[in-house]
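As structure tokens, the structure follows; a few thoughts come after it.
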Amino acid sequence: MKNATVGRFLLLAFLWGGSFTFIKVSLDVLTPGQLVLSRLVLGAAVLLAIVAFRRIGLPRSARVWGHVAAAALFGNVIPFLLLSYGEQTTGAGIAGVLIGATPLLTLTIAAAALPTERATRRKVLG
């Protein structure tokens, strides 16, 4: 691997792994709901700043916003909320390990439930 690739990988690992520690520390002063709300508002503010900087228009269709809301609910709000509630009673390390095991569990379930989704060597290594 090139040095830049290794650097990006390490930065990603630091940001991804550090988030569980930050969640655990934040739960000392915030409720899980407050923590999730603050994470999502901060993320939305960053994305809106990028949109404004690049002068990209936001969708105007109510249908598109309905899809965005559903994706946000199931992809961000519910998982972040469950993770925050879980970290109230467990450590950041175990939370990171369990979240990290998600792709392996998904591969196992997909291979068992869908005969066309074979667990190839490439998928297992990935």
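The values are calculated or read from the model by the stated rules, or taken from the named source; none is laboratory data. As the structure is a prediction and not an experimental result, all values here were calculated from the model. In this analysis, Cβ positions are derived from the backbone assuming ideal geometry, glycine residues included, and neighbour counts consider all displayed protein chains. Just so you know, the surface numbers come from the protein's heavy atoms only, side chains and all, with ligands and any DNA or RNA stripped out. Shrake-Rupley method; radii C 1.70, N 1.55, O 1.52, S 1.80 Å.
So here's what we get for this one:
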{"item": "Stretch gain in nm, segment Val51-Thr5, where the contour uses 0.36 nm per residue and the Cα spacing is subtracted", "result": "13.9 nm"}
{"item": "Cα-centre dipole for the range 33-126 with unit charges at Cβ (Lys and Arg positive, Asp and Glu negative), debye to 20", "result": "480 debye"}
{"item": "Part-to-part distance (alpha-carbon centres) for the range 26-47 and the range 85-121, which is given in Å", "result": "25 Å"}
{"item": "Backbone HN-Hα couplings from phi across the range 46-57 [Karplus 6.51/-1.76/1.60, Hz, Gly and Pro as x]", "result": "5, 5, 5, 5, 5, 4, 5, 5, 8, 6, 9, x"}
{"item": "Portion, in percent, of the accessible area of the chain that falls on carbon or sulfur, probe 1.4 Å", "result": "71 percent"}
{"item": "Neighbour net charge for Pro32 - beta-carbon separation under 13 angstrom, K R +1, D E -1", "result": "0"}
{"item": "Farthest positive-ward along the chain dipole, Cα basis, beta-carbon charges - from Ile94, Phe22, Ala52", "result": "Ala52"}
{"item": "Extension gain from Ala70 to Arg118, taking 0.36 nm per residue of separation minus the Cα-Cα distance", "result": "14.3 nm"}
{"item": "Hydrodynamic radius (Kirkwood) for the range 51-95, which is based on Cα pairs only, to one decimal in Å", "result": "13.0 Å"}
{"item": "log₁₀ of I(q)/I(0) at q = 0.12, 0.14, 0.19, 0.22 Å⁻¹ - the chain, Debye sum with one point per alpha carbon", "result": "-0.71, -0.94, -1.20, -1.21"}
